[in-house]
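Here, each number is a calculation from the coordinates, and none is a lab measurement. None of the values given here were measured: they were computed from a predicted structure. Every residue, glycine as well, gets a Cβ built from its backbone with ideal geometry; the counts of neighbours run over all protein chains shown.
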Amino acid sequence: MNSRSVALVLSGVIVLPFLSALAPEASTPPPHVASPWGADYFPNVALTTHEGKVVRFFDDLIHDKVVVISFIYTNCPDACPLETARLVEVQDALGERVGQDVFFYSISIDPARDSVEALAQYAERFQVGPGWLFLRGEEADVRLLREKLGVLGAGETRLQDHSLSVVIGNQATGRWMRRSPFENAFVLADEIGAWLHNWKTPTVVDQDYADAPALGSVSRGESLFRTRCSACHAIGAGDGLVRSGPNLAGIVEWRDRAWLERWIREPDRMLAERDSLATTLFEAYRRVPMPNMRLNALETTAVIGFIEEESARVLAVSGKVQGLPNAAKGCCLEKDKPAPASGDQSGRAQSPRPEPSPRAASPSSPRARQHGSTRCWASSASAARP
């Protein structure tokens, strides 16, 4: 071995003497540039969007794109609404990038019932923004897509048995991941917006670790709230993301406890029974059903305990308000319109309504997205978690 070869080996580089003879022509891209998951892997099946446009899965939806793919059905009573609500948060966190360098797709696994009109209504209920398509296709084609994306369960026969995994990927680089819809929205947004883009988009850092709150222990109630409830609800100001359900600050004091316990445990039954307050909330919040999270009595008590404790902390910081707290105003209603709570409805303690909060989000705020004449508003109470 001559001195030049020794130098190359010590520097971590090994040069094969025949490499130059096998090198491709300059016009031929090196093999590693091509994604291993290309047109020869993904089926280019036809799908129809909730806007009525026919598209091809590979050519039109994923080719050279960073994508977020979920499989849902609009009559799902629990997991699909939760999954969609979480992705609404992720879309809000990514902002205007959705539809530009990130694309969201929700594909129905129930084409027999999920018509174009049903998908359009579902998208409207969750107030999804630009860059998010809801799609339907032939049952066999959708099943093939699920198989290729690794989310078709073995022996799956019922709709409710479908995988809850969200698939995120960059087709150009061949990087694909399955993620849980219970994941934190900001973590998902970072994976989609930074990891899958190889950190090519500069990150704007407007926070300092010196200001970070001290980490505390997470109770069972808080853990359940984060994974089961936070996709649709905040307590006080929360993290500033749009929610599809009402703010829960002060709700334990505001609602009858027995009603609240049952509503958390079996909302589907209460809606089926046409409970007065449950039906009013369902209609007020764009007919997005409260999902049954299959919580037992102990878990329900833990969740309510956390809501009560966090409400007290938030309201103590933001200022005491008699009766209904400002933070309990409903999201996804008209601006400054409180959540429905007439005094003669069951399940509600008597309490006056507050004056509109002067700290409500302005129309120019990125947290206030307009959809026609309706806005989604972040809550008015503001408090950082210690």
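Distances between placed amide hydrogens fall under 5 Å for residue 72 paired with 107, 108, 109, all partners being 5 or more residues away or on another chain. Would you tally the net charge around residue 75, using a Cβ to Cβ cut-off of less than 12 Å, leaving residue 75 out, and scoring K and R as +1, D and E as -1? With Lys, Arg at +1 and Asp, Glu at -1, the neighbours total -3. Over segment 145-268, what relative contact order in percent results from Cα pairs under 8 Å that are six or more residues apart? Computed value for segment 145-268: 11 percent relative contact order. Placing a pseudo-label 7 Å from each Cα along the Cα-to-Cβ vector at residue 173 and residue 294 gives an inter-label distance of 3.5 nm. Remark: the residue 100-residue 191 segment gains 31.1 nm on full extension, using 0.36 nm per residue and subtracting the alpha carbon distance. Multiplying the residue separation of residue 276 and residue 115 by 0.36 nm and removing their Cα-Cα distance gives an extension gain of 54.9 nm.
The residues packed around residue 146, meaning those with a beta-carbon under 11 Å from its beta-carbon, carry a net charge of -2 if Lys and Arg are +1 and Asp and Glu are -1. In a DSSP loop and with at most 10 other Cβ atoms within 10 Å, the trypsin sites (Lys or Arg not before Pro) in segment 82-163 are 158.
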